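Working notes for the structure below.
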Amino acid sequence: VQLVESGGGLVQTGGSLRLSCRVSGVTFSSNAMVWFRQIPGKGREFVAGLTPGENTDYLDSVKGRFTVSRDNAKSTAYLQMTSLKPEDTAVYYCTTGQTFVSTNPGRYDIWGQGTQVTVSS
């Protein structure tokens, strides 16, 4: 199983980025796709999740700004981030392996390598 994130970078406050997570080795369409983020010295924080049935869940602070989506034909999940704030700065990780969305990072065994998002003020 492999997850490969891409799309991170440096943006100014108010800017946008779209993260991608390409998945291989699992039946993509049967699994929830979940995004976490982590800053140095802190644990991984749930950001957004999307079930196989297209139900979504978001961290309160990103609701209305972030959108999680998936393309089953491409085995790829996306996290569209708009109106970015400096407090969104983190390494963003995608994960999968459950049919439901859990906000507990301990529920997941499979992680991508992460992609750095830096929002300048």
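The values are calculated or read from the model by the stated rules, or taken from the named source; none is laboratory data. Everything numeric in this text was worked out from a predicted model, so none of it was measured. All Cβ positions, even for glycine, are placed from backbone atoms using ideal geometry, and neighbour counts span all protein chains on display. Areas reflect the complete protein model, heavy atoms only, side chains present, ligands, DNA and RNA absent. Shrake-Rupley method; radii C 1.70, N 1.55, O 1.52, S 1.80 Å.
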Please work out if Ala73 is of a type in the set (A, V, I, L, M, F, W, C), more than 11 Å from the chain's Cα centre (by Cα) and open to solvent by 40 Å² or more (accessible area, probe 1.4 Å).
yes
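Determine whether the stretch 70-79 contains at least one residue that is of a type in the set (Gly, Ala, Ser), at pLDDT 95 or above and within 19 Å of Thr103 (Cβ to Cβ). Steps first, answer last, please.
Within the stretch 70-79, the subset of a type in the set (Gly, Ala, Ser) is 73, 75, 77.
Checking the rest, the ones that are also at pLDDT 95 or above come to 73, 75, 77.
Adding the requirement that they be within 19 Å of Thr103 (Cβ to Cβ) leaves 77.
There is at least one residue in the stretch 70-79 that is of a type in the set (Gly, Ala, Ser), at pLDDT 95 or above and within 19 Å of Thr103 (Cβ to Cβ).
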Exactly one of these conditions fails for Val4: (1) assigned to a strand (DSSP E or B); (2) surrounded by 21 or more Cβ atoms within 10 Å (Cβ to Cβ); (3) among the hydrophobic types (A, V, I, L, M, F, W, C). Give me its number.
(2)
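Can you find, within the stretch 33-70, the residue that is most open to solvent (accessible area, probe 1.4 Å) among those that are in a loop (DSSP other than H, G, I, E, B) and in contact (Cβ under 8 Å) with a residue 60 or more places away in the chain? Write out each step before concluding.
To start, the set of residues in the stretch 33-70 that are in a loop (DSSP other than H, G, I, E, B) comprises 39-44, 51-55, 59, 63-65.
Subset that is in contact (Cβ under 8 Å) with a residue 60 or more places away in the chain: 43-44.
Details: Gly43: 56, Arg44: 74 Å².
It comes out as Arg44.
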